[in-house]
Structure formats: structure tokens, C-alpha cells
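This report refers to the structure that appears directly beneath it.
The values are calculated or read from the model by the stated rules, or taken from the named source; none is laboratory data. All figures in this text were calculated on a predicted structure; none of them were measured in a lab. Here the Cβ positions follow ideal geometry from the backbone for every residue, glycine too, while neighbour counts run over all protein chains shown.
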């Protein structure tokens, strides 16, 4: 079975969020099953990975966006260093940039990316068994395969869509249809939602099946989906919730090259303490105090807008008897407010930006990980933290409620139900009480490290879906 994963992100080439981690791991684990050949197709980026590895051009052609003729090059990484065949689509002026997102002409980028992929497959007569489309950036592929005559060679190929984050749907004005390959005009409704072209809605309508990245998130979409609630209820017969996994080869505290002190479940307490001491020394924190950490984008869906007040209130209520460290970036107001606290409080540390190596060190050093998410389709951070013996403190939503059970009901984490400052600080106070009980804390470290979030189980579920 030949599977092409289509995505704008893939770790370690280009990562903005969890989408990259999934696409960088799932095909690798699928390829461990006999008879499976999973590949990844993504845009070309001006990133270190592409300059550090050798690529060969396997296709060079042209597509049209209205009156514009665009060159399309498909380059293949020669050594399969990631555990799967990696193809990168390069279109001068559109798909040859530094970052995946943040450009004013994103709609043109993503349309050209999707059209370029399908043009390449048809021109080279490559007919996979499954086209697995990740998020709205590839959401029009199922429509194009069935309703664009230019791609008739691929008609009938099975298409699967995965919703990693339904907050982003890629809506466009209908004049963008002029830049698509010609399609059966009477089928326009398959791309429409409330008068706009909506790639995510189109993916749900046109794919043979669609998945969400947790069962809990699928349930939430029935009642909260930025206007697509009725659509997902209508198409529920082909909807599946499959929890993400984590790459246990990358996220392994025993072998992780990014850690100062490696550890396993047997020596975790002592080695985590050493990691914590070194990290605290580097950032001027007191290693004798419990360390709470937040890692992620400064976005309201992540609850990041609550962080400044959480920092202020938790330090005030505890009389400074805790450390808080935040790694992330995004909203300028949040960044500036946290910068103020970085100067004000000796037990608060801030590092702006995304730093993969530092995130590993924090997971290995922190006592507790904060995830006050308003929306969390799956969440990987809580799985990483548990793998590294760090206790997750999470809002009970989406994939977080599928993976983190509260200590009060036999689990190894801490839950709260409302995304508000008081609820978060209350959960942190519960954590402080646990931290001061050495025996319970050590039990939680070991319990979290023994959870199995590896990709094998989820990969099997995807393969079962493909076969169905």
C-alpha cells in the first residue's frame, strides 16, 4: 500500500506546531509494517535541513494560476534519513521561502502547492493507494482529484483528511476559484460554506473519511467548530477520532542527546534533579523550589493570554515559593507583559522564541507542565512531559482529557475545567501540596514515565482505516 502524506509542516524540516511532529513520525512508524510504503510531500523551505542533505530533482514542469505560468520542481531527499521518502515541492516566488506561514499570499501558496502535487503525480503516472491530507492547507486535494479533469488519472484514489486544528479553515473569497485548475462548475457547492471557499469544509465533504487527532476533540467539534458544527454532524458517518502518538525514538530521556543528564524510570528522580539544578542555574532560579513550565505559542487558544495574571497571582499567593519558566512567542502584548515580570520577579524566567533543544531540557527539568488550553485538539506537550517524568497540569478539554487523568481518580496528572486564572492557580496550589509530599511526587514521576504514547497503536488505527 502506497500512502502519500501531504502537509505544510514536517519535523525536523519545518515546525510551527504539533502538525510537524505528527507528519514527521506517523509515516516512519507506518513503514515498519510489512507492505506499507508511506511518503511525505511538503513545500520547499529555505531551512538548514535542505542545505545539509542531498536532494535530487525528480520532476520539473509547469502549472497555471490564471494567466501565470509557474514552474514546479519536485525534489527528493536521497537517503531517506527520516525513515520515509521525503519530497519537497518548489515553486519560485511561492514555495521557496523561509517559513511555512505569515505571508499575504498564503492562499496562492497553498493552491499552487496542492495543484503542483497533483500535476506531478499525474504527469509521472504515480497513482498511490491513499492521499492523506493534513489540515486545510491540503483540504482541496480530495475535491480536485474527483472534479478537476486535469487530474482524471487520479480519480478514484482514496483520500483521507486529518483535522489537526479546526480553528484554522483557510476561508477564501470565491474569486480565488479563478486560480484553480478548471473544475466541474456545478460541483462548486462542495467547496462552499456560507458564501466562501472553505478548504477544510471541502475536505470534510469530499474525502472518503476524515479524522481528528483525538476522540475528545471529535466530540467537541459537534458543538464547537467555528461554524462547521452542522457539517461535521452531517458527515459523522465517516468521522474517526485517532489520538496522536509521540516519536519514542526522538522523545526518549534515556538517549536524548539534548539533555545534560539522561535518565530512565529507575533513576529519574535523581537525574531530573540534576537537570533542574543546571537549568535553574542558567536562568537564575532557585532549584530547591518546584518548577512550573509552559511551552508553546502565545495564542488565546492555548490560554497564553492568561499567563501574565497567572504568574502574578501564583507568585503572590505562594509568597514566592515556586518557580515559573515560560518558553514561547506570539502575541506582542503577552510577550511584553511577561518581559516586565522577567525583570520584576527573581523566580520567573522567560525565553522568547521556539527552541527545540531548550524544550527538551525543560521537559526533563520541570516538576509540572502547565497547559491552560481553551482548545487542544490533541496536545503533544503533555505526552512529552509525561515521558520525561513531569506532571501535567491541564485543562480538561479535547485530547488533554483523553491522555491526562486527574490524581483524584487514579491518574497521574492534575485537571481543571475552566480556562480562567483562578482555576489555573487553584490547580497549581494543588500541585504545590503534592510537591511537598515526596513519596507521592516520586510515584507520579514513575507513573507518568510508564505511560505508552508511542505511535505504534495509532499507526495501526490509521492503517485499519485505510484498509476499510
> Quick one: how many residues across the stretch 46-75 are surrounded by fewer than 17 Cβ atoms within 10 Å (Cβ to Cβ) and part of a strand (DSSP E or B)?
Replying inline: 10
> Can you pull out the residues in the stretch 402-421 that are assigned to a helix (DSSP H, G or I) and touching a residue at least 60 places away in the same chain (Cβ under 8 Å)?
Replying inline: 402, 403, 421
> Any residue at all in the stretch 442-451 that is at positive phi and either over 25 Å from the mean Cα position of the chain (by Cα) or touching a residue at least 60 places away in the same chain (Cβ under 8 Å) (or both)?
Replying inline: no
> Taking the stated definitions as given, is residue 18 in the same structural domain as residue 130 (by TED's automatic domain parsing) and within 19 Å of the chain's Cα centre (by Cα)?
Replying inline: yes
> Are any residues in the stretch 302-328 over 23 Å from residue 437 (Cβ atoms) and surrounded by fewer than 17 Cβ atoms within 10 Å (Cβ to Cβ), and if so, which ones?
Replying inline: 309, 313, 316
> Can you tell which of 82, 94, 19 is in contact with a helix residue (DSSP H, G or I) (Cβ under 8 Å, 6 or more places away or on another chain) and within 24 Å of residue 176 (Cβ to Cβ)?
Replying inline: 94
>> Quick test for you: out of 80, 99, pick the one residue that is under 13 Å from residue 43 (Cα atoms), part of a loop (DSSP other than H, G, I, E, B) and assigned by TED's automatic domain parsing to the domain that holds residue 8.
In response: 99
> On the given criteria, is residue 181 farther than 22 Å from residue 382 by Cβ, part of a loop (DSSP other than H, G, I, E, B) and in contact with a helix residue (DSSP H, G or I) (Cβ under 6 Å, 6 or more places away or on another chain)?
Replying inline: yes
>> Restricting to the stretch 51-82, give me the number of residues that are modelled with pLDDT under 95 and touching a strand residue (DSSP E or B) at 6+ places or on another chain (Cβ under 8 Å).
In response: 2
>> Given the criteria buried (at least 18 other Cβ atoms within 10 Å of the Cβ), in contact with a strand residue (DSSP E or B) (Cβ under 7 Å, 6 or more places away or on another chain) and either without any contact (Cβ under 8 Å) to a residue 60 or more places away in the chain or outside the structural domain of residue 288 (by TED's automatic domain parsing) (or both), does residue 362 qualify?
In response: no
>> Between 402, 406, which is touching a strand residue (DSSP E or B) at 6+ places or on another chain (Cβ under 7 Å) and surrounded by fewer than 24 Cβ atoms within 10 Å (Cβ to Cβ)?
In response: 406
>> What pairs come out if I take residues in the stretch 149-164 that are on the phi > 0 side of the Ramachandran plot and part of a strand (DSSP E or B) and pair them with residues that are at pLDDT below 95 and surrounded by 21 or more Cβ atoms within 10 Å (Cβ to Cβ) whose C-beta lies under 7 Å away, six or more apart or interchain?
In response: none
> Out of the stretch 262-289, which residues are over 28 Å from residue 342 (Cα atoms) and either loosely packed, with under 15 Cβ neighbours inside 10 Å or at pLDDT 95 or above (or both)?
Replying inline: 262, 263, 264, 266, 267, 268, 269, 270
>> So, residue 111, is that one crowded, with 20+ Cβ neighbours inside 10 Å, assigned to a strand (DSSP E or B) and touching a residue at least 60 places away in the same chain (Cβ under 8 Å) or not?
In response: no
>> What's the number of the only condition in (1) closer than 24 Å to residue 263 by Cα; (2) touching a residue at least 12 places away in the same chain (Cβ under 8 Å); (3) assigned to a helix (DSSP H, G or I) that residue 389 fails to meet?
In response: (3)
> Of everything in the stretch 431-453 that's out of contact with any helix residue (DSSP H, G or I) (no Cβ under 8 Å at 6 or more places or on another chain) and crowded, with 18+ Cβ neighbours inside 10 Å, which residue is nearest to residue 304 (Cα to Cα)?
Replying inline: 431
>> Looking only at the stretch 325-347, count every residue that is touching a helix residue (DSSP H, G or I) at 6+ places or on another chain (Cβ under 9 Å) and touching a residue at least 40 places away in the same chain (Cβ under 8 Å) and tell me the total.
In response: 2
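Results for (1) in the same structural domain as residue 32 (by TED's automatic domain parsing); (2) on the phi > 0 side of the Ramachandran plot; (3) in a loop (DSSP other than H, G, I, E, B), shown as yes or no for each residue.
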| site | (1), (2), (3) |
| --- | --- |
| 220 | yes, no, no |
| 224 | yes, no, yes |
| 227 | yes, yes, yes |
| 243 | yes, no, yes |
